[in-house]
1. Determine the gain in length on full extension of the stretch residue 8-residue 61; use 0.36 nm per residue of separation and subtract their C-alpha separation, reporting nm with one decimal.
2. For the chain, what is the calculated [θ] at 222 nm in deg cm²/dmol (nearest 500), taking -39500 (n - 2.57) for each run of four or more DSSP H residues and dividing by its residue count?
3. Using θ = phi - 60° and the Karplus relation 6.51 cos²θ - 1.76 cosθ + 1.60, list the HN-Hα couplings for the stretch 20-31 in order, rounded to whole Hz, with x at every Gly or Pro.
4. Mind listing the phi-derived Karplus ³J(HN,Hα) values for the stretch 2-15, rounded to whole Hz, using 6.51, -1.76 and 1.60 with θ = phi - 60°, and x for any glycine or proline?
5. Find the relative contact order for the stretch 1-75 and round it to a whole percent, using C-alpha pairs within less than 8 Å whose residues are 6+ positions apart.
6. Can you list the residues, at least 5 places off or on another chain, whose amide H is less than 5 Å from the amide H of residue 73, using H built in the peptide plane?
7. Which loop trypsin sites (Lys or Arg not before Pro) in the chain, with loop taken from DSSP, have no more than 13 other Cβ atoms within 10 angstrom of their Cβ?
8. Please give the direction-averaged projected area of the C-alpha convex hull for the stretch 2-77, in square nanometres with one decimal.
Amino acid sequence: MVKAKLDKIKMNKAPGADLVGTRKLIELADEISYTVADLFNKSLCSRDVPQDWKLANVMPIFKKGKKSSSANCRPVLLV
């Protein structure tokens with residue numbers, strides 16, 4: 001599932017907060033997908049989330065419809 005998501009990344013997207021470019025993610029999808037999935041699953045099973053995953057500055061951005069409904073907003077990570 002992780003590899004499938006990595007294969008669908010668009011090449012023209014900007015790198016994330018970790019500064020890893022999309023080209024590298026696509027080229028290394030075979031090598032890193034198992035490790036990323038294993039890390040995530042172990043974290044969920046042990047209920048121990050790395051501290052870096054907890055630190056995020058996420059703000060809701062209004063999309064359309066009623067502003068009072070949270071379903072009409074999308075979360076955006078501010079770096």
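1. Gain on extension, residue 8 to residue 61, equals 16.7 nm.
2. Helices in the chain give a 222 nm mean residue ellipticity of -12000 deg cm²/dmol.
3. Rounded to whole hertz, the list is 8, x, 5, 4, 5, 4, 5, 5, 9, 4, 4, 7.
4. For the stretch 2-15, the Karplus curve yields 5, 4, 4, 5, 5, 5, 8, 5, 7, 5, 8, 7, 6, x Hz.
5. About 20 percent, as a whole number.
6. 63
7. 8, 10, 13, 47, 63, 64, 66, 67
8. 6.8 nm²
Every number in this text was worked out from the coordinates using simple rules, so none of it is lab data. Treat the numbers as computed from the prediction; the structure is a model and nothing was measured. No Cβ is skipped: glycine too gets one built from the backbone with ideal geometry, and neighbour counts run over all protein chains shown.
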